[in-house]
1. Ala17 passes all but one of (1) out of contact with any His (no Cβ under 6 Å at 6 or more places or on another chain); (2) among the small types (Gly, Ala, Ser); (3) under 16 Å from Phe137 (Cα atoms); which number fails?
2. Please enumerate the residues belonging to the stretch 27-36 that are part of a helix (DSSP H, G or I) and either surrounded by fewer than 18 Cβ atoms within 10 Å (Cβ to Cβ) or touching a strand residue (DSSP E or B) at 6+ places or on another chain (Cβ under 6 Å) (or both).
3. Among the residues of the stretch 48-69, is any in contact (Cβ under 8 Å) with a residue 12 or more places away in the chain, part of a helix (DSSP H, G or I) and not β-branched (Val, Ile, Thr)?
4. With the requirement that a residue be assigned to a strand (DSSP E or B), surrounded by fewer than 16 Cβ atoms within 10 Å (Cβ to Cβ) and at negative phi, what does the stretch 92-126 give you?
5. Do the conditions hold for Glu84, that is, is it touching a Lys or Arg at 6+ places or on another chain (Cβ under 7 Å) and farther than 21 Å from Ala128 by Cα?
6. Is there any pair linking a residue in the stretch 110-138 that is closer than 17 Å to Ser78 by Cα to one that is assigned to a helix (DSSP H, G or I), with Cβ under 7 Å and at least six apart or on different chains, and which?
7. Test of understanding: among Glu39, Glu44, which residue is touching a helix residue (DSSP H, G or I) at 6+ places or on another chain (Cβ under 8 Å), closer than 17 Å to Ile142 by Cα, part of a helix (DSSP H, G or I) and touching a residue at least 24 places away in the same chain (Cβ under 8 Å)?
Amino acid sequence: MVRAKQMKTQTVLRALASALVARANCAKSGNAEWLAKHEATIEEIAAHFLPSGSGFDSGTKVDMDRSNGQTWIVLTTSFHHMNEGGMYDGWTHHEVKIVPNLLHGFDLKISGRDRNAIKEYMYETFAADLEREIVMFPDGEIKDADAVKNRALFDAVNGK
(Lines give C-alpha, C1' and ligand atoms only; values in the text may rest on other atoms or scores of the structure.)
Protein backbone atom coordinates (compact mmCIF):
# COMPACT_ATOMS: atom_id res chain seq x y z
CA MET A 1 0.00 0.00 0.00
CA VAL A 2 2.84 2.40 0.77
CA ARG A 3 4.28 1.91 -2.70
CA ALA A 4 1.02 2.96 -4.37
CA LYS A 5 0.98 6.25 -2.44
CA GLN A 6 4.52 7.06 -3.55
CA MET A 7 4.11 6.37 -7.26
CA LYS A 8 3.96 9.30 -9.66
CA THR A 9 1.77 9.16 -12.77
CA GLN A 10 2.67 11.48 -15.61
CA THR A 11 2.93 11.57 -19.38
CA VAL A 12 6.03 10.30 -21.17
CA LEU A 13 6.70 13.87 -22.32
CA ARG A 14 6.51 15.28 -18.77
CA ALA A 15 8.75 12.50 -17.43
CA LEU A 16 11.34 13.13 -20.15
CA ALA A 17 11.26 16.89 -19.61
CA SER A 18 11.62 16.50 -15.84
CA ALA A 19 14.52 14.06 -16.16
CA LEU A 20 16.28 16.31 -18.71
CA VAL A 21 15.98 19.36 -16.44
CA ALA A 22 17.24 17.33 -13.45
CA ARG A 23 20.12 16.00 -15.58
CA ALA A 24 21.11 19.55 -16.57
CA ASN A 25 21.01 20.68 -12.93
CA CYS A 26 23.23 17.77 -11.90
CA ALA A 27 25.68 18.53 -14.70
CA LYS A 28 25.91 22.18 -13.55
CA SER A 29 26.41 21.23 -9.91
CA GLY A 30 28.85 18.41 -10.65
CA ASN A 31 26.67 15.69 -9.12
CA ALA A 32 27.91 12.74 -11.19
CA GLU A 33 25.93 10.11 -9.27
CA TRP A 34 22.53 11.68 -9.95
CA LEU A 35 23.55 12.77 -13.45
CA ALA A 36 24.03 9.07 -14.27
CA LYS A 37 20.70 8.15 -12.65
CA HIS A 38 18.80 10.76 -14.65
CA GLU A 39 20.52 9.66 -17.86
CA ALA A 40 19.53 6.05 -17.13
CA THR A 41 15.91 7.16 -16.57
CA ILE A 42 15.89 9.04 -19.89
CA GLU A 43 17.32 6.02 -21.70
CA GLU A 44 14.78 3.68 -20.08
CA ILE A 45 11.86 5.90 -21.02
CA ALA A 46 13.12 6.12 -24.60
CA ALA A 47 13.70 2.37 -24.85
CA HIS A 48 10.31 1.34 -23.46
CA PHE A 49 7.89 4.17 -24.25
CA LEU A 50 9.02 5.88 -27.47
CA PRO A 51 8.53 4.41 -30.96
CA SER A 52 10.41 1.16 -31.49
CA GLY A 53 9.57 -1.55 -34.00
CA SER A 54 6.85 -1.34 -36.68
CA GLY A 55 9.27 0.47 -38.96
CA PHE A 56 11.14 2.27 -36.18
CA ASP A 57 13.46 -0.74 -36.18
CA SER A 58 16.39 1.11 -34.58
CA GLY A 59 14.21 2.59 -31.85
CA THR A 60 14.23 6.24 -30.78
CA LYS A 61 16.97 8.01 -28.84
CA VAL A 62 16.89 11.24 -26.84
CA ASP A 63 19.67 13.64 -27.82
CA MET A 64 20.48 14.65 -24.24
CA ASP A 65 23.13 17.16 -25.24
CA ARG A 66 20.75 19.07 -27.52
CA SER A 67 17.65 18.82 -25.30
CA ASN A 68 17.00 21.11 -22.36
CA GLY A 69 13.61 19.80 -21.24
CA GLN A 70 12.04 23.26 -20.90
CA THR A 71 11.94 24.74 -24.38
CA TRP A 72 12.65 21.69 -26.55
CA ILE A 73 13.51 18.02 -26.62
CA VAL A 74 15.33 16.47 -29.57
CA LEU A 75 14.76 12.83 -30.51
CA THR A 76 16.51 10.88 -33.25
CA THR A 77 15.06 7.92 -35.11
CA SER A 78 15.10 6.11 -38.43
CA PHE A 79 12.28 4.47 -40.34
CA HIS A 80 12.73 1.21 -42.25
CA HIS A 81 10.55 1.39 -45.37
CA MET A 82 8.95 -1.46 -47.29
CA ASN A 83 8.15 -1.63 -50.97
CA GLU A 84 4.82 -2.74 -52.45
CA GLY A 85 5.99 -6.35 -52.33
CA GLY A 86 6.53 -6.21 -48.56
CA MET A 87 10.33 -6.22 -48.77
CA TYR A 88 12.47 -3.73 -46.87
CA ASP A 89 13.96 -1.29 -49.34
CA GLY A 90 15.68 1.49 -47.41
CA TRP A 91 15.78 3.83 -44.47
CA THR A 92 14.98 7.46 -43.81
CA HIS A 93 16.60 9.26 -40.88
CA HIS A 94 14.72 11.81 -38.82
CA GLU A 95 15.06 14.28 -36.01
CA VAL A 96 11.92 14.95 -33.98
CA LYS A 97 11.96 18.26 -32.13
CA ILE A 98 9.31 18.69 -29.43
CA VAL A 99 8.46 22.28 -28.52
CA PRO A 100 5.84 23.61 -26.07
CA ASN A 101 2.58 24.99 -27.41
CA LEU A 102 0.39 26.89 -24.93
CA LEU A 103 -2.81 25.97 -26.73
CA HIS A 104 -2.16 22.33 -27.66
CA GLY A 105 0.51 21.17 -25.20
CA PHE A 106 3.30 20.59 -27.70
CA ASP A 107 4.24 20.70 -31.38
CA LEU A 108 6.41 18.26 -33.27
CA LYS A 109 8.86 19.30 -35.96
CA ILE A 110 10.10 16.30 -37.93
CA SER A 111 13.11 16.60 -40.22
CA GLY A 112 14.22 14.19 -42.92
CA ARG A 113 12.78 12.95 -46.17
CA ASP A 114 9.01 12.40 -46.32
CA ARG A 115 9.33 9.14 -48.24
CA ASN A 116 5.97 7.42 -48.77
CA ALA A 117 4.35 10.27 -46.79
CA ILE A 118 5.84 8.74 -43.62
CA LYS A 119 5.81 11.97 -41.63
CA GLU A 120 2.04 11.87 -41.06
CA TYR A 121 2.41 8.41 -39.49
CA MET A 122 5.39 9.66 -37.48
CA TYR A 123 3.42 12.64 -36.13
CA GLU A 124 0.58 10.36 -35.02
CA THR A 125 2.89 7.76 -33.49
CA PHE A 126 5.10 10.21 -31.60
CA ALA A 127 2.14 12.27 -30.35
CA ALA A 128 0.40 9.17 -29.00
CA ASP A 129 3.56 7.88 -27.31
CA LEU A 130 4.42 11.26 -25.75
CA GLU A 131 0.89 11.64 -24.34
CA ARG A 132 0.88 8.11 -22.92
CA GLU A 133 0.78 7.94 -19.13
CA ILE A 134 3.46 6.11 -17.20
CA VAL A 135 3.98 5.44 -13.51
CA MET A 136 7.34 6.18 -11.92
CA PHE A 137 8.05 4.46 -8.63
CA PRO A 138 10.54 5.75 -6.01
CA ASP A 139 12.78 2.72 -6.60
CA GLY A 140 13.25 3.82 -10.24
CA GLU A 141 10.87 1.32 -11.81
CA ILE A 142 8.78 2.74 -14.66
CA LYS A 143 5.59 1.08 -15.92
CA ASP A 144 2.75 1.84 -18.30
CA ALA A 145 -0.07 3.44 -16.28
CA ASP A 146 -2.76 1.29 -17.90
CA ALA A 147 -0.87 -1.88 -16.96
CA VAL A 148 -0.60 -0.68 -13.35
CA LYS A 149 -4.31 0.20 -13.22
CA ASN A 150 -5.28 -3.14 -14.74
CA ARG A 151 -3.09 -5.00 -12.23
CA ALA A 152 -4.59 -3.04 -9.32
CA LEU A 153 -8.10 -3.82 -10.58
CA PHE A 154 -7.20 -7.50 -10.98
CA ASP A 155 -5.78 -7.61 -7.45
CA ALA A 156 -8.86 -5.85 -6.01
CA VAL A 157 -11.27 -8.23 -7.73
CA ASN A 158 -9.27 -11.24 -6.58
CA GLY A 159 -8.84 -10.02 -3.00
CA LYS A 160 -5.10 -9.41 -3.14
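The values are calculated or read from the model by the stated rules, or taken from the named source; none is laboratory data. Please read these numbers as outputs of a predicted model, since none were measured by experiment. A quick note on method: Cβ atoms are made from the backbone with ideal geometry, for glycine too, and the neighbour counts reach across all protein chains shown.
1. Checking Ala17 against (1) out of contact with any His (no Cβ under 6 Å at 6 or more places or on another chain); (2) among the small types (Gly, Ala, Ser); (3) under 16 Å from Phe137 (Cα atoms), the one that fails is (3).
2. Listed by number, the residues that qualify are Ala27, Lys28, Ser29, Ala32, Glu33, Trp34, Ala36.
3. There is at least one residue in the stretch 48-69 that is in contact (Cβ under 8 Å) with a residue 12 or more places away in the chain, part of a helix (DSSP H, G or I) and not β-branched (Val, Ile, Thr).
4. Within the stretch 92-126, His93, Glu95, Val99, Pro100, Asn101, Asp107, Lys109 qualify.
5. Answer is no for this residue.
6. Close Cβ pairs satisfying both conditions: Ile110/Lys119; Ile110/Met122; Ile110/Tyr123; Asp129/Val12; Asp129/Phe49.
7. So the residue among Glu39, Glu44 that is touching a helix residue (DSSP H, G or I) at 6+ places or on another chain (Cβ under 8 Å), closer than 17 Å to Ile142 by Cα, part of a helix (DSSP H, G or I) and touching a residue at least 24 places away in the same chain (Cβ under 8 Å) is Glu39.
Yes/no matrix, rows are residues, columns are (1) at pLDDT 95 or above; (2) more than 17 Å from Leu20 (Cβ to Cβ); (3) among the hydroxyl-bearing types (Ser, Thr, Tyr):
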position	(1), (2), (3)
Asp57	no, yes, no
Asn68	no, no, no
Phe79	yes, yes, no
Glu84	no, yes, no
Lys119	yes, yes, no
